[in-house]
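The values are calculated or read from the model by the stated rules, or taken from the named source; none is laboratory data. Only a predicted model underlies this, so the values are computations on that prediction, with no experimental measurement involved. Backbone-built Cβ (ideal geometry, glycine too); neighbour counts: all protein chains shown.
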Amino acid sequence: MKILEINKFHYLRGGSERHMFELSEALARRGHNIISFSMKDERNQPCELQKLSHPVAEFSMKDERNRACDTAEYSTDNVDLHQFSLKNILKIFYNRQAIRKLEQLIRRERPDIAHLHNIQYQLTPAIIQLLKKYRIPIIQTLHAYNIICPNAKLYTEGSPCERCVGKKFYNCLFHKCAHDSYAKSLLATLEAYLNVSLLKRYDDVDIFIAPSNFMKEVSVRFRIPAEKIQVLHNFIDAEKFNAADSKIGDYFLYFGRLAKEKGVDLLIDALAANPNEKLKIVGNGPEESNLKSKIQNLKLADRAELLGHKSGEELIRLIANAKAIIIPSRWPENMPYSLLEAMALGKTVVAARIGGLPELIEHGKNGFLFTPGDSESLSQQLQAVNNSDLLLIGAAARQSILKLNAANYCGYFEKIADDLINSNKSNFSKKIK
């Protein structure tokens, strides 16, 4: 089938782009024709070679059946939301150029189905109406909480938040949920009311893919019909990760973004309560300076290291040689690749019992769970790690995600897509009669 993959970014910016690139490669290998649509950006990756900053260093999407590599001319101009101009503000609600460019691409390629990833603000949900105009079935993967939460996190003012249940999006403005700014929160609020409540753009999406059961459950609470949501956990091919290289080191490891909702400060507090332990922190972000200060104030500089951004083989070694990986999130993580990568490498994971994290971790058997936001609970689980057989737990962690592979994922995805395409053809035939 000919699949139109739509995402506002076409470079490895985060988990959603990684998923899109890896799924596109896997589908192309199964004989499907992948077409890409995104914004222009000097960082965009050519389709014949995607460089990935994660343990699997790179993959090739070059295929004689895959015409994605010559669609760059249809990319729409980049919309930089950090440049707060009237032009960009208007494009948040309706990007005329994106609509025009996408229509040109549709007319040329005539895709069988469209798969949406992150489209909000830059490409805008108005593209959904265009896809329906050409009778193209639509699948959208819910990488974040964009449709139900104006700040896409279900987190504000230091704790998880579901104030907008019932389409009460005005809470975003009242609580300055978007970048702690009334102006940006107003725009996010208006965008949500326009596309979700007034124009109901997302009602025309045929099937939503939720990477976790939690994502489905919370989306249903926000009034997305349960029958339109299929749960498909993100995939990772564990065979590409050599668990035999893993060793049980003498340090705990966090790797990811350094932001308040990630809870790294809780991990530092837990470290302070465990005087014989060491911690390495990999990543960067807005909380970096605060975390440095906290380490200094608690006199932990000899036991806690901030290593900055790491990727590729260097990151693999840090993960493989850790005692355990810590995911101390305050916010409801969906299905992060940090969890999947650690488990694929046969590492014990200590994670907050929140969002989709508990769906893969069975406490005490293939990892450990603690009460989110509670450094004392986290501290207790760090102690539990030291009293456990980490080789046994790590092996169980790896075994539990073997089924989350590309082949299984693509099989389910193809079934969803085929059903939609066949249903679309059947409905069209009935209308003709």
Failed criterion for SER377 (all others in (1) of a type in the set (Gly, Ala, Ser); (2) touching a residue at least 12 places away in the same chain (Cβ under 8 Å); (3) not in a loop (DSSP other than H, G, I, E, B) hold): (2)
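Let's see how each residue does on (1) assigned by TED's automatic domain parsing to the domain that holds ASP250; (2) assigned to a loop (DSSP other than H, G, I, E, B):
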position	(1), (2)
LEU382	yes, no
SER388	yes, yes
LEU391	yes, no
ALA395	yes, no
TYR409	no, no
LEU420	no, no
LYS425	no, no
Check on SER375, among the hydroxyl-bearing types (Ser, Thr, Tyr) and over 30 Å from HIS32 (Cα atoms): yes
Test set (1) aliphatic (A, V, I, L, M); (2) assigned to a helix (DSSP H, G or I); (3) touching a residue at least 12 places away in the same chain (Cβ under 8 Å) - ILE248 fails condition number: (2)
Residue list for segment 233-247, restricted to those being buried (at least 16 other Cβ atoms within 10 Å of the Cβ) and out of contact with any Pro (no Cβ under 7 Å at 6 or more places or on another chain): PHE235, ILE236, ASP237, ALA238, ALA243, SER246
Hits in segment 293-304 (condition: among the basic types (Lys, Arg) and exposed (fewer than 15 other Cβ atoms within 10 Å of the Cβ)): LYS299
Hits in segment 277-318 (condition: assigned to a helix (DSSP H, G or I), in contact with a Pro (Cβ under 9 Å, 6 or more places away or on another chain) and not aliphatic (A, V, I, L, M)): GLY312, GLU313
Test: residue in segment 83-100 that is surrounded by 16 or more Cβ atoms within 10 Å (Cβ to Cβ), among the hydrophobic types (A, V, I, L, M, F, W, C), modelled with pLDDT under 80 and not in a helix (DSSP H, G or I): no
Of residues in segment 328-353 being of a type in the set (Val, Ile, Thr) and under 18 Å from ALA238 (Cβ atoms), the one surrounded by the most Cβ atoms within 10 Å (Cβ to Cβ): THR348
Residue within segment 328-342 that is in contact with a Lys or Arg (Cβ under 9 Å, 6 or more places away or on another chain), under 14 Å from GLY283 (Cβ atoms) and in a loop (DSSP other than H, G, I, E, B) present: yes
Members of segment 256-276 found to be more than 23 Å from GLU157 (Cα to Cα) and part of a helix (DSSP H, G or I), listed by number: LEU271, ALA272
Of all residues making up segment 11-65, the number that are touching a strand residue (DSSP E or B) at 6+ places or on another chain (Cβ under 6 Å), of a type outside the set (A, V, I, L, M) and at pLDDT 90 or above: 7
Selection from segment 302-322 of residues that are on the phi < 0 side of the Ramachandran plot and either outside the structural domain of PRO275 (by TED's automatic domain parsing) or in contact (Cβ under 8 Å) with a residue 60 or more places away in the chain (or both): SER311, GLU313, LEU315, ILE316, LEU318, ILE319, ALA320, ASN321, ALA322
Out of LEU258, LEU253, LEU315, sole residue that is under 26 Å from ASP374 (Cβ atoms), touching a strand residue (DSSP E or B) at 6+ places or on another chain (Cβ under 7 Å) and surrounded by 18 or more Cβ atoms within 10 Å (Cβ to Cβ): LEU253
